[in-house]
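The values are calculated or read from the model by the stated rules, or taken from the named source; none is laboratory data. Computed from a predicted model, the values in this text were never measured in an experiment. Cβ atoms come from the backbone with ideal geometry, glycine included; neighbour counts cover every protein chain shown. The area values use the complete protein model at the heavy-atom level, side chains included, leaving out ligands, DNA and RNA. Shrake-Rupley method; radii C 1.70, N 1.55, O 1.52, S 1.80 Å.
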Amino acid sequence: MDMTTSLSPDSSRPLINRSPVLISALLALILYGLVFFNAGWRLASLFLTGLAAGVILYHASFGFTAAWREMALSGRSGGLRAQMIMLAITVAVFTPLIAQGEFGGIALRGSVAPLNLALVTGAFLFGIGMQLGGGCASGTLFTVGGGNARMLITLAGFIAGSLLGSWHWSSWQGAPGLEPMSLSNSLGAMGGILVSLVIFIAVYICASGWEKYKRGEVESTLTASMHSPSLLRGPWPLLTGALALAAVNVTTLLLAGRPWGVTSGFALWGAKIAGVVGLDVSSWPYWSRSAQAASLQNSVLLDITSVMNFGIILGALMAAGLAGKFAPSLKIPGKSIIAAILGGLMLGYGARIAFGCNIGAYFGGISSTSLHGWLWFVAAFLGSSLGTRIRPWFGLR
């Protein structure tokens, strides 16, 4: 690829990688047009929401994987504290909207799921996969868009693991556990918000205390690298990313009628690829359900999650180009490739049996005041902590 750049006048540092910017803009325009003319303004708007999410995730480096790894290894808690701020804002907006039941003629629902063994097992596997694969669900997408060649391997494993998880999906449906529970259903909208805020504050304070103990000081979530910070080129402070991603999830709820999700799109891509090579998955219980059967028959450009995922990749590609940081390298050590494959498989399989990923289950679940989101967080964090300690086996930092 021709990596034509524009250099800043006072240094040799690339100001903009023009090719990624132009390519991402052209592809975004084409995809927007295809979605708009085939599905209408609402799905086209969700594509733009995904595009914005890609820019946000890249410029704020808002990944869940590195944030949890830093917490486990060095005690840095800025990423986790930013997540609590993001969740608090989203809960405060989500809860009354979901209680209202509709907006603009669109029925609204939260992400609420059982608290069972499938959730715990899947989230734990997902947590390990985060550290071996090098990213979570949203993290995989924005780093692929940002030019990380290794993450293409993780994404391939993610897709394969998602397909495998959809095959085994019915086997996990009878897993022992509790029925879905949400704070807002039990305590009312205001009670759900207040109890959630208390939990967020408690996690925030504990994380700050741990960082203070480990490092002697607590880094601000407003801190960003001082290398040419700007709106278009980044980097953005974590707090900016937290506020912007809360807006992404709220926008998704209003346009799609449900919270933001990522990994169901990977399962669909895997099923489509399977069909191309002659494997018919339509008889699998997961794909026999009405919504999934319809998505299997239709174009991926009619699938909300897929369209938003494409937007995230293109948004990150554009952001990387604007920041002058798009520089993919194909020099990937063998052990790192193995870790990416294993991590991707764990990510995909775990997400399918655990009712989603860090976006759908953790972000969407907790924002819907569902207790399954908190259980997912605990199990995934424990898995992530284990995965952090396994990383050196594969030569990962």
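Points worth noting:
- When the range 260-311 is filtered for residues that are under 22 Å from C136 (Cα atoms), open to solvent by 10 Å² or more (accessible area, probe 1.4 Å) and either at pLDDT below 95 or not β-branched (V, I, T) (or both), the ones remaining, listed by number, are G261, S264, W269, D303, F310.
- Identity of the residue in the range 10-48, modelled with pLDDT of 95 or more and of a type in the set (V, I, T), that ends up farthest from G145 (Cα to Cα): V35
- Matching residues, the range 349-380, being in a helix (DSSP H, G or I), open to solvent by 10 Å² or more (accessible area, probe 1.4 Å) and aromatic (F, W, Y): Y349, W374, F377
- Per the listing A354, A339, A319, the residue uniquely within 27 Å of R391 (Cβ to Cβ) and in contact with a Gly (Cβ under 6 Å, 6 or more places away or on another chain) is A354.
- Among (1) within 19 Å of A327 (Cβ to Cβ); (2) open to solvent by 60 Å² or more (accessible area, probe 1.4 Å); (3) at pLDDT 90 or above, the one test that L7 misses: (3)
- Pairing each residue of the range 162-184 that is more than 19 Å from W269 (Cα to Cα) and at pLDDT 95 or above with any residue that is open to solvent by 60 Å² or more (accessible area, probe 1.4 Å) and not in a helix (DSSP H, G or I), provided the two are 6+ apart or on different chains, yields C-beta distances under 6 Å for P180/V112; S182/V112.
- Counting the residues of the range 312-327 that are more than 13 Å from I23 (Cβ to Cβ) and open to solvent by 40 Å² or more (accessible area, probe 1.4 Å) gives 2.
Rundown of residues vs (1) within 14 Å of W374 (Cα to Cα); (2) in contact with an Asp or Glu (Cβ under 7 Å, 6 or more places away or on another chain); (3) in a helix (DSSP H, G or I), yes/no style:
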position: L141; (1), (2), (3): no, no, yes
position: I153; (1), (2), (3): no, no, yes
position: G157; (1), (2), (3): no, no, yes
position: G174; (1), (2), (3): no, no, no
position: P180; (1), (2), (3): yes, no, no
position: N185; (1), (2), (3): no, no, yes
position: S196; (1), (2), (3): yes, no, yes
position: C206; (1), (2), (3): no, no, yes
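- The range 381-397 - residue that is under 20 Å from T121 (Cα atoms) and of a type in the set (A, V, I, L, M, F, W, C) and, of those, least open to solvent (accessible area, probe 1.4 Å): I390
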